[in-house]
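Engineer: Sharing a structure, written as structure tokens. Questions coming.
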């Protein structure tokens, strides 16, 4: 899903902050697991804390190699929602 489609989806799901390279924040005051919104050369990905990996089920999320040098750390993982399941993946995160 392209960046602009993510932005539209995030608005519809009630996110209040969804800037590239920043932590996603939701309007209910409680963020989902810490997730950073990245876009490198047109490819959207999300960097997350490895300790919160249980939130990213294999049914809805794919794990990728780090897409940016800053994300190549043992404490981080890079994830992306499975194609066609982007909305479902974020709704699942918000529902805990």
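Engineer: Can you find a residue in segment 71-86 that is touching a residue at least 60 places away in the same chain (Cβ under 8 Å) and touching a helix residue (DSSP H, G or I) at 6+ places or on another chain (Cβ under 8 Å)?
Structural biologist: Checked against the condition, which is being touching a residue at least 60 places away in the same chain (Cβ under 8 Å) and touching a helix residue (DSSP H, G or I) at 6+ places or on another chain (Cβ under 8 Å), segment 71-86 yields at least one hit.
Engineer: From 42, 12, grab the single residue that is within 22 Å of residue 2 (Cα to Cα) and in contact (Cβ under 8 Å) with a residue 40 or more places away in the chain.
Structural biologist: After applying the criteria, what remains is 42.
Here, each number is a calculation from the coordinates, and none is a lab measurement. No experiment lies behind these values; they were computed from the predicted model shown. In this analysis, Cβ positions are derived from the backbone assuming ideal geometry, glycine residues included, and neighbour counts consider all displayed protein chains.
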